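**Student:** This is the structure I have questions about; it appears just below.
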Amino acid sequence: MGPETEDGHTTGCFGGFKLRFSRKSLATRTLSTSRSGLAPSKPSEKMLAPSQHFDFGVPSGWGLSAEQSSLDSFLPPYTTQMNASRTNGVVDSMAGKTINSVLDELEPELYQLSMDIHDHPEIAFQERYARDTLTAFMRRHKFNVTSGYLGLETAWRAEYSYGNGGKVIGINSEMDALERIGHACGHNLIAASGCGIAVALKAALETHDIPGRIILLGTPAEEGGGGKIILLQRGAYDDMDFCLMSHPGPGPLYSFDIGATTAVQTFEVEYLGKGAHAGAAPWEGINALDAAFLAYSSLSVLRQQMQPTHRSHGIVQGRDWISNVIPDNARLRWQVRAPTYDEMSILAQRVRKCFEAAALATGCSVSIDEEPPYQDLKNNPILARIFGQIVQTQYGQNVTTNGSAASTDFGNVSYYLPALHPLYTIPTEPHGGNHTPAFTKASATKEAHAASMIATRGLALTALCVLQDDALFLEMKASSVAFRSVS
Ligand SMILES: [Zn+2]
Ligand SMILES: [Zn+2]
């Protein structure tokens, strides 16, 4: 990708964290409107103010409500009802204690690792410092490391095997930052957490004679470029039985969410026209900027006819624009999101027509490139339940399944194998969620690191649970097949 493409760095990820949607809230709102009868002729100030019952875009983040804090009432009915003692047992087991004591010891080192990555932000496919720092850490902990993996210079793989056979645990460490605003999505925390999970599990395997294999992938370009999708297509996930990672966001502290994220399609649209003197002979020009603005206007109009759970957003860019020359080029980097891949695909077709119509109206030529879509996230219900129970009962966390209007390339991974990607909250200032400078600051705090460590412990213990319980392992595999058939 060229620099202009990378400029529009919001392909996936958690920029939309605050714009979490809630179908329940929508239903409530619709009902109360119909009860109140006709709307007053003039909107009052009060009506224009955000309603407490209107749950889209809750500024405090996920806006968890008390009624949604019970894990049991949210998981789908086909989910196995698991006795909490099954997960408590793993925490209190010798191997569980090993995981926790290793992470106690490792915690300061993981904080340094996270801060080091935070202090050296690198954008998509340029994560060389992060790659070298993280792979050096994994080598020190006696993992077999491949630096530069499957044709991606900044991807890497760290592997450890103990005994014969056993199950294969996959883990992901994201590394990329955002142009200009650095680690505004907290991938430094994710990177260190992945290393912590892998090292703690290694200790559990070798100390307690548990056969198994651990594969930690350093995955580039989540914010744009879909590094995990490329790795998936090239077989990086083929030998894993399941895959784990976590992600920070804003919201009430001590909270985890194990709901879905949205599917997203990114377009790169280029209009080409003809330059001319804007004063002397504008009729000789074909205005590519006009095409971009017409497209933008059509897209803005379309927004009113979209579902509230859908998103459409982007930017306009151009080369060598001067006010007294008719612009001969203009680009749109545009993205659409929806809760499911199918819904998103329909929206993408409608958006495409807006691009084409603008070319027709202005006489410009247009090229429309579609990047590989990020699918919605399908957390495996068994993994989600184990993890939820562990962090709820052992670490006193609130666990919900509200989901997020953001997106991740891990969604594609979750369609391919059992996967878990819990979201956890870190302290940040009001309206300072992901993809803001405030979140860059928040991602470097000790409090954020402490929250990340709970995610790290919870994920390592979840993996241990599945490693040691064959019945659970089979249930996990079976519950993932249902998702695959959906895709
Ligand atoms: Zn992110
Ligand atoms: Zn992000």
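The values are calculated or read from the model by the stated rules, or taken from the named source; none is laboratory data. For clarity, every value in this text was computed on a predicted model and none was experimentally measured. All Cβ positions, glycine included, derive from the backbone under ideal geometry; neighbour counts span all protein chains shown. The accessibility values were calculated without ligands, DNA or RNA, using every heavy atom of the protein model including side chains. Shrake-Rupley method; radii C 1.70, N 1.55, O 1.52, S 1.80 Å.
**Student:** Which loop-located trypsin sites (Lys or Arg not before Pro) does the range 127-157 contain, where loop means any DSSP state but H, G, I, E or B and the Cβ has at most 14 other Cβ atoms within 10 Å? Before the final figure, lay out each step's value.
**Tutor:** Details: sites: 128, 131, 139, 140, 142, 157; in loops: 142.
Answer by residue number: 142.
**Student:** Which order do 141, 183 take when ranked by solvent-accessible area (1.4 Å probe, heavy atoms of all protein chains), largest first? Could you put the intermediate results ahead of the total?
**Tutor:** Numbers: 141 40, 183 5 Å².
These residues rank, largest area first, as 141, 183.
**Student:** Then there is this: Normalising by the residue count of the range 248-401, find the relative contact order in percent from Cα pairs under 8 Å and 6+ residues apart. All intermediate terms of the calculation are to be shown ahead of the outcome.
**Tutor:** Working: 283 pairs, mean separation 62.2, N = 154.
Here the relative contact order equals 40 percent.
**Student:** Report ³J(HN,Hα) in whole Hz for each residue of the range 164-177, in order, from the Karplus equation J = 6.51 cos²θ - 1.76 cosθ + 1.60 where θ = phi - 60°; Gly and Pro get x.
**Tutor:** With coefficients 6.51, -1.76 and 1.60, one gets 9, x, x, 8, 10, 9, x, 9, 10, 10, 7, 9, 7, 10 Hz.
**Student:** Now a separate question. Do any trypsin sites (Lys or Arg not before Pro) in the range 173-275 lie in a DSSP loop with no more than 13 other beta carbon atoms within 10 Å, and if so, which?
**Tutor:** Values: sites: 180, 202, 213, 228, 234, 274; in loops: 180, 234.
Qualifying residues, ordered by number: 180.
**Student:** Could you pull the accessible area for residue 238 with a 1.4 Å probe, rounded to 10 Å²?
**Tutor:** Roughly 90 Å² of residue 238 is accessible to a 1.4 Å probe.
**Student:** Now for a different question. Could you tell me which of the pairs 97/446; 378/477; 228/378; 142/202 are separated by over 18 angstrom between their Cα atoms in the structure shown?
**Tutor:** Working: 97/446 24 Å; 378/477 13 Å; 228/378 15 Å; 142/202 9 Å.
Result: 97/446 exceed 18 Å.
**Student:** Tell me, what is the per residue accessible area of the range 238-355 in Å², probe radius 1.4 Å? Kindly include the intermediate steps, with their values, before the conclusion.
**Tutor:** Details: 4980 Å² over 118 residues.
Value returned for the range 238-355: 42 Å² of accessible area per residue.
**Student:** Could you look at the range 263-370 and say what percent of its accessible area is carbon and sulfur, using a 1.4 Å probe and all protein chains?
**Tutor:** On the way: 2870 of 5280 Å².
Using a 1.4 Å probe with all protein chains present, the range 263-370 comes out at 54 percent carbon and sulfur.
**Student:** Expressed in nm to one decimal, what extension gain is obtained for the pair residue 297 and residue 350 from 0.36 nm per residue of sequence separation less their Cα-Cα distance? Working shown, then result.
**Tutor:** On the way: separation 53, 0.36 × 53 = 19.08 nm, distance 1.37 nm.
Here the segment from residue 297 to residue 350 would lengthen by 17.7 nm.
**Student:** Let me ask something else. In whole percent, and with a 1.4 Å probe on the protein chains, what portion of the accessible area of the range 104-232 is carbon and sulfur? Write out the running numbers ahead of the final one.
**Tutor:** Numbers: 1920 of 4130 Å².
Accessible surface attributable to carbon and sulfur in the range 104-232 totals 47 percent.
**Student:** Can I ask one more? Taking only C-alpha pairs under 8 Å that are 6+ residues apart, what is the relative contact order of the range 80-197 in percent? If you can, show how the numbers build up before the last one.
**Tutor:** On the way: 129 pairs, mean separation 31.3, N = 118.
About 27 percent, as a whole number.
**Student:** Another question, then. Within straight cross-link reach of residue 274, meaning Cα distance under 17 Å, which aspartates and glutamates are found once same-chain residues fewer than 8 apart are removed?
**Tutor:** Partners found: 284, 290, 320, 328.
**Student:** A follow-up question, please. Using Cα centres only, tell me the gap between the range 385-409 and the range 120-147 in whole Å.
**Tutor:** Taking the Cα centre of the range 120-147 as reference, the centre of the range 385-409 is 28 Å away.
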